[in-house]
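Taken together, the values in this text are just the output of simple stated rules run on the coordinates, not laboratory data. Note that the structure is predicted; figures quoted are calculated from it, not measured. As a convention, Cβ positions derive from the backbone with ideal geometry for all residues, glycine included, and neighbour counts pool all protein chains shown.
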């Protein structure tokens, strides 16, 4: 017996509850078929696609997007933050990373820059509530040395804020 609903079934129930019109329901159902019961994968794909759809090349503003969403686009200046091991290549807990796919994504990000590319990494960051010490991404080390200008900016640690003071911000 099957114990998990498919993405299509979940979408159908959600669309019925929200009274979504039929053309959109049919389009969503068709997009959901390849995902079976893998809801997280469907949601990830949906988020990645919607980021690219929101980009307006005429707008005079900074655009924040994933490497997936940047495919096919170019910008005068590109900042790539998070160039750290476990973020790029991205490592999901309990899964082996697809290093070659992650390397391709890194390449996509780098080649979006027409004039200037800035790669940034944090030596220490809080991720999922845990403090992490980080090494720069192995992909940064693969860039030809003559093309790299290293700059180090040490940021002082912020003063700790008592929990009661932080909770007071919520009224």
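For this structure, a couple of remarks:
- Once the C-beta distance of residue 155 and residue 130 is scaled by a Förster radius of 22 Å, the resulting FRET efficiency is 0.70 to the nearest 0.05.
- Protection proxy ranking for 67-74, 126-133, using the average of other Cβ atoms within 10 Å per residue and placing the highest first: 67-74, 126-133.
- Put in order of Cβ neighbour count within 10 Å, fewest first, the listed residues 170, 79 become 170, 79.
- Pairwise centroid distance, computed over Cα atoms, of region 16-40 with region 106-156, Å: 38
- Interatomic Cα distance distribution for region 56-152, bins of 5 angstrom, percent: 2, 11, 22, 24, 20, 12, 7, 2, 0
- From the coordinates shown, semi-axes √(5λ) of the Cα gyration tensor in Å corresponds to which of (1) 34, 24, 19; (2) 41, 14, 13; (3) 35, 17, 13: (1)
- Here the chain carries DSSP beta bridges of which approximately 50% are antiparallel, counting only pairs with both residues inside.
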